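Only one structure is covered here, and it is reproduced in the block below.
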Amino acid sequence: MIELKTGKVTRVYDGQLNTDVESYLVTGLQTGEYYSFYVQTLNFNGVSQQSEELVVAVCQAPEHIDSPYFVSATK
């Protein structure tokens with residue numbers, strides 16, 4: 001993971017001890033910040049190239065959403 005504001009690089013998961021994991025939830029991200037993620041694999045052949053980069057913005061959950069209301073209907 002790369003924090004785009006600071007350029008800080010952090011390994012968020014190392015699957016060497018559990019190769020069955022196919023997803024991982026990253027916690028502790030800051031609302032309003034942008035992060036970049038990529039994946040690499042390691043096996044007896046060495047380290048793979050990086051996957052394509054995924055850039056995400058951390059958003060806040062919506063609040064105070066109006067309840068749906070009936071507009072019209074036809075037969």
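The values are calculated or read from the model by the stated rules, or taken from the named source; none is laboratory data. In this text the structure is predicted, and so the values were computed from the model without any measurement. A quick note on method: Cβ atoms are made from the backbone with ideal geometry, for glycine too, and the neighbour counts reach across all protein chains shown.
Worth a mention:
- Some residue of the stretch 15-23 being loosely packed, with under 10 Cβ neighbours inside 10 Å, modelled with pLDDT of 90 or more and not polar (S, T, N, Q): no
- Contacts under 9 angstrom Cβ, first residue in the stretch 7-20 being farther than 15 Å from Gln40 by Cα, partner not in a loop (DSSP other than H, G, I, E, B), 6 or more apart: Lys8/Ile2
- The stretch 7-36 - residue that is hydrophobic (A, V, I, L, M, F, W, C) and in a loop (DSSP other than H, G, I, E, B) and, of those, farthest from Cys59 (Cα to Cα): Val21
- Of the residues screened, Tyr69 is not one that is at negative phi and surrounded by 10 or more Cβ atoms within 10 Å (Cβ to Cβ).
- Residue within the stretch 38-51 that is assigned to a loop (DSSP other than H, G, I, E, B) and in contact (Cβ under 8 Å) with a residue 40 or more places away in the chain present: no
Conditions tested, residue by residue: (1) under 12 Å from the mean Cα position of the chain (by Cα); (2) at pLDDT 90 or above; (3) not charged (D, E, K, R).
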{"residue": "Tyr35", "(1), (2), (3)": "yes, yes, yes"}
{"residue": "Asn43", "(1), (2), (3)": "no, no, yes"}
{"residue": "Gln49", "(1), (2), (3)": "no, yes, yes"}
{"residue": "Val58", "(1), (2), (3)": "yes, yes, yes"}
{"residue": "Ser72", "(1), (2), (3)": "no, yes, yes"}
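- Restricting attention to the stretch 52-75, the residues that are in contact (Cβ under 8 Å) with a residue 24 or more places away in the chain, under 30 Å from Leu17 (Cβ atoms) and in contact with a strand residue (DSSP E or B) (Cβ under 6 Å, 6 or more places away or on another chain) total 1.
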